[in-house]
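Written below as structure tokens is the structure these notes are about.
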Amino acid sequence: MNTYLRLITASSCLLMVGCASYDSSSQFDDVVKSIKERHHYVQIATKSITPDTQALVGADIVKAASHYVGNYATGDVDKAELASSKLITEVSFFKNYQEFNSVTINGEAIQLENMRVTSESCTEHCVTTQYVAFPLSPETVVNWPESNVRFIFNSSGGGNRVQFSIPKAYFTAANQEAARVVGKRINPSLVASGAETSEKVAQQPEAMIDYWYQKANESDRNAFADWAFANRDGSGTLPTTQSQPLQMMGYWYQQATPTSRKAILTWLLNQS
């Protein structure tokens, strides 16, 4: 039995062109696979991750691997003109399993998009693999209230429902990488704060740090001040954090000129 399970796991990995790079226990410090710059947005594609799965109705799946394709506006772009960000999943199950046709996320049911033709591989048992996607915006991820982003795949006949769970940190790492790599081309309201930012945000590092400082709690303010004074030249690396205000203050401090950094440090002294 154990040998059979190992063979199923190995074959399903091959079906998905290599096993996923990450799982729920991973550290997401190198999550981005590719970055493509377009005229009015930047596209970030992540390395794959194996979601945690749980069958809610019917049998569990054989294997799944997901990756995120996030599109980040580089200016004031009409959202209708911006390609949707998507979570793409390859999901494998035994042939007699009903195929998935919708996903439920945040209480909303959405039709799954078929990214490729469904494939099938047979040895002792036949395994079917679907390649599906659904829209998942950076704003949705940033404002997700829990540490894991959960969604449910539903089969066309209702006989199978499987819950998937991916750490929010996986998506946050993609957003942070977009901010670091692309810098000022990225609209900060999409990368870090989502719908929370309303008016146009000034691009100068001093103004951005002031903006995020007001959103930060006392602990994050103190952590940023300690780090900034210890790294006056802006060369230090901000410790990994899940705090959006702290991450963005560190990012904009590193983008500042030496003159701006001096002004920021003086400003921080006046905040105490």
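The values are calculated or read from the model by the stated rules, or taken from the named source; none is laboratory data. Fair warning: this is a prediction, and the values are worked out from it, not measured in the lab. Glycine gets a Cβ as well: all are built from the backbone with ideal geometry, and neighbour counts include every protein chain shown. Accessible surface is based on the protein model in full, side chains and every heavy atom, while ligands, DNA and RNA are left aside. Shrake-Rupley method; radii C 1.70, N 1.55, O 1.52, S 1.80 Å.
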When T123 is evaluated against the numbered criteria (1) open to solvent by 30 Å² or more (accessible area, probe 1.4 Å); (2) at pLDDT 85 or above; (3) among the polar types (S, T, N, Q), which criterion, by number, is the only one it fails? (2)
Can we say F171 is modelled with pLDDT of 85 or more and open to solvent by less than 10 Å² (accessible area, probe 1.4 Å)? yes
Inside the stretch 123-162, can you point out the residues that are outside any strand (DSSP E or B), of a type in the set (V, I, T) and under 17 Å from S84 (Cβ atoms)? T140, V141, V142
Under 9 Å by Cβ, and 6 or more places apart or on different chains, what pairs join a residue from the stretch 71-86 that is under 11 Å from P138 (Cβ atoms) and open to solvent by less than 50 Å² (accessible area, probe 1.4 Å) with one that is aromatic (F, W, Y) and modelled with pLDDT of 60 or more? N71/Y41; Y72/Y41; A73/Y41; L82/Y41; L82/Y72; S85/Y68; S85/Y72
Could you check I166 against (1) assigned to a strand (DSSP E or B); (2) in contact with a Phe, Trp or Tyr (Cβ under 7 Å, 6 or more places away or on another chain) and say which number it fails? (2)
Flag for Y131 being free of Cβ contacts under 8 Å to residues at least 60 places away in the same chain, of a type in the set (F, W, Y), closer than 18 Å to I166 by Cβ and out of contact with any helix residue (DSSP H, G or I) (no Cβ under 7 Å at 6 or more places or on another chain): yes
Yes or no: the stretch 209-229 includes at least one residue that is at pLDDT below 80 and assigned to a helix (DSSP H, G or I). yes
Tally of residues being surrounded by 12 or more Cβ atoms within 10 Å (Cβ to Cβ) and over 13 Å from I264 (Cα atoms) across the stretch 222-235: 2
